[in-house]
Amino acid sequence: MSNQHNHVTQSWTGGGGSFGILVHGGAGKISPARQAAHAEGCKRAALAGHEILKRGGSSLDAVQAAVELLEDDPAYNSGTGGSLNEIGELRLDASTMFGGDLRSGAVCDMTPFRHPIAIARQVLEANKTVLYSAEGAAKFAKEHGFEPVTDGSMITDLARLRLAETMQGASANWAGGTVGAVAFDSHGHVSSATSTGGMMGKPIGRVGDSPIVGAGTYADDAGAAISCTGEGEAFVRLCIAFRASLWVEQGMPVTETAMRAIQMVFDRTGSRGGLIVASPQGLLGFARSTETMSWGAAWDGGSAVCGV
Ligand code: ASP
């Protein structure tokens, strides 16, 4: 890697207390006018998770609370306001993982429900199947008391406009907004969660990295918690979330791990994105190769911070 051009456009390190959370609001290119609100939303989400961690709560609850908040915010590509597929439908992907025992839960290509991450969490708690798709995901959700929502009520005018632009080839088919969170708690456990509508204009049935354990999301107390964002196919091909956790397990510092992963995605596939890391030793870090990736963080002993 050393003799190749460096494609990492930003990296960051934080944490250091006995609990902490780092949230991303998607790698891509957010317009300057939207950047401050995007970053503030990530900070609010980090603070929601921080509240839970401060009371001695689990990292798994913290990442879910953070992601649910962003799923409700139409500014992000998850839940309400998520990207639409090529025929204008909202089909949602989400996953979550607990590093203490490797339990994980995910849903993909799922018809609209308000909080896909809560359904992924329920899949994790059931602790049998890891990933439910399409009708199976909706059936599981309904059986566990989640109310389906009509397609229209979670689709925003902005998402429709973006789809029209994408289908006319006017812009790249992704522009930021997938959400994710990684956290460590005072019990020494790490967790991660990722939620998305996927790539704008995605083919029917297309599933990216976000709901794939090992690709877009991973958590292992022996390594780290990881959530990815970017051109998902590349993250799937490289199993990048698992690789990053393994590098931490082998002793690599968290920010160097994020940088190496993002550089590898570019060098091996030409794709771009971002990745956030939380280690059970209490460190947080991220790297991106895109123009923006909104983020927010809060930890024991530090004040909440955010950026784009
Ligand atoms: N990684 C997501 C996907 O490929 C998109 C994104 O992060 O913006 O579905």
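The values are calculated or read from the model by the stated rules, or taken from the named source; none is laboratory data. As the structure is a prediction and not an experimental result, all values here were calculated from the model. Neighbour counts are summed over all protein chains in view; Cβ atoms, including those assigned to glycine, are modelled from backbone coordinates with ideal geometry. Remember, those area values only see protein heavy atoms, side chains included, never the ligands or the DNA or RNA. Shrake-Rupley method; radii C 1.70, N 1.55, O 1.52, S 1.80 Å.
For the reader, a short list of remarks on this structure follows.
- Extreme residue, farthest from ARG162 (Cα to Cα), among residues of the stretch 29-49 that are open to solvent by 60 Å² or more (accessible area, probe 1.4 Å) and hydrophobic (A, V, I, L, M, F, W, C): LEU47
- Any pair with Cβ under 7 angstrom, 6 or more apart, that starts in the stretch 280-308 at a residue that is closer than 14 Å to VAL23 by Cβ and ends at one that is among the charged types (D, E, K, R): GLY296/LYS43; ALA304/LYS43; CYS306/GLU40; CYS306/LYS43
- TYR76 being assigned to a loop (DSSP other than H, G, I, E, B) and either in contact (Cβ under 8 Å) with a residue 60 or more places away in the chain or not charged (D, E, K, R) (or both): yes
- Within the stretch 217-235, the set of residues being in a helix (DSSP H, G or I) and surrounded by fewer than 19 Cβ atoms within 10 Å (Cβ to Cβ) comprises just one member, GLU233.
- Checked against (1) open to solvent by 10 Å² or more (accessible area, probe 1.4 Å); (2) modelled with pLDDT under 95, TRP12 meets all criteria but (2).
- Flag if LEU22 is outside any helix (DSSP H, G or I), more than 14 Å from the ligand (Cβ to nearest atom) and surrounded by fewer than 24 Cβ atoms within 10 Å (Cβ to Cβ): no
- One residue from ALA261, ALA241, ALA193 being open to solvent by less than 10 Å² (accessible area, probe 1.4 Å), away from the ligand (no atom under 13 Å from the Cβ), over 18 Å from GLY15 (Cα atoms) and without any contact (Cβ under 8 Å) to a residue 60 or more places away in the chain: ALA261
- Residue in the stretch 52-69 that is within 15 Å of the ligand (Cβ to nearest atom), under 27 Å from GLY99 (Cβ atoms) and surrounded by 21 or more Cβ atoms within 10 Å (Cβ to Cβ) present: yes
- Any hit, the stretch 98-107, residues being open to solvent by less than 30 Å² (accessible area, probe 1.4 Å), touching a Ser or Thr at 6+ places or on another chain (Cβ under 7 Å) and under 24 Å from ALA159 (Cβ atoms): yes
- Checked against the criterion of being of a type in the set (Gly, Ala, Ser) and touching a residue at least 12 places away in the same chain (Cβ under 8 Å), the candidates GLY205, GLY145 yield just one match: GLY205.
- Residues within the stretch 202-216 that are within 13 Å of the ligand (Cβ to nearest atom), farther than 18 Å from LEU90 by Cα and open to solvent by 10 Å² or more (accessible area, probe 1.4 Å), tallied: 1
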